[in-house]
Every structure is written in structure tokens, then in C-alpha cells.
Amino acid sequence: MSAGLAVHVAIVVIEIDLPACRTLKEKRSALKPLLIALQREFACSAAELARLDDPGRSVIGCAIVSNDGRHAERVLHKVPRWIEGHRPDVEVVDFEVDRR
């Protein structure tokens, strides 16, 4: 490996509300297609991170590895707006983008 290799990781952590979900089964049915769509749309990794036992809320995260950290960060800033525009059943409560 080259010593000068630049590797940047950008992450977005998003707290979402799932008002239509009353059970964990309904939550899984809503989250799985959302995570798959995020992976496809943004070429990122996506997973549920927290509030696993809460049927009405979730915390999801997306990550991108890139040679350009600013680009990765810009891409991930689009994720919450994309969710709001494409998933009317999901409400974005809060989000934070970080680069390492």
C-alpha cells in the first residue's frame, strides 16, 4: 500500500419517526426497503443503529468511504432530504453528518 493513500469516511446518523408503525414487524417492513433504497441511491452502507425495540422510532446510519472527504460529506447531506421526498411515511427528526 502507498503511504500517501488518502481514505476518508463520512457518516450520517439520522433519527426518524415511523408514525404508522405500531409493532416491530411493521417497523422492519418499513425500514428494510428504506435501507435498500438508500444503499442503491447513494452507493453507501446503511443500517439501523439504535432504538431497535421502539416500533415508532429508529436511528439509522449511512457511511461512504472515499478518496475525497468533502464529496462524501456532500453526498450524505442529501440523504435526509431524499428520505423526506421519497418516503412520506417516514419523518426525519434530526440528523448529523461527520467525516473522519
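Considering only protein heavy atoms, what per residue accessible area in square angstrom results for the range 1-98 with a 1.4 angstrom probe? All intermediate terms of the calculation are to be shown ahead of the outcome.
Values: 5890 Å² over 98 residues.
Per residue, the range 1-98 has 60 Å² of solvent-accessible surface.
Normalising by the residue count of the chain, find the relative contact order in percent from Cα pairs under 8 Å and 6+ residues apart.
Numbers: 179 pairs, mean separation 44.0, N = 100.
Result for the chain is 44 percent.
At 1.002 mPa s and 20 °C, plugging the Kirkwood radius over alpha-carbon pairs of the range 19-100 into Stokes-Einstein gives what diffusion coefficient in µm²/s? Display every interim value, and only then the final one.
Numbers: Rh = 13.3 Å.
Estimated diffusion coefficient is 161 µm²/s.
Based on DSSP H runs of at least 4 residues, each adding -39500 (n - 2.57), what is the mean residue ellipticity at 222 nm of the chain after dividing by all its residues, to the nearest 500 deg cm²/dmol?
Working: 3 runs with 36 residues, N = 100.
Only helices count here, giving -11000 deg cm²/dmol.
What is the sum of charges around Leu52, taking Lys and Arg as +1, Asp and Glu as -1, for the other residues whose C-beta is under 11 Å from the C-beta of Leu52? The partial results should precede the final answer.
On the way: positive: Lys27, Arg28, Arg51, Arg57; negative: Glu48, Asp53, Asp54.
Summing Lys and Arg as +1 and Asp and Glu as -1 gives +1.
The values are calculated or read from the model by the stated rules, or taken from the named source; none is laboratory data. Not measured: the values here are computed from a predicted model. Neighbour counts are summed over all protein chains in view; Cβ atoms, including those assigned to glycine, are modelled from backbone coordinates with ideal geometry. Quick note on the areas: whole protein, heavy atoms, side chains included, nothing else; ligands and nucleic acids left out. Shrake-Rupley method; radii C 1.70, N 1.55, O 1.52, S 1.80 Å.
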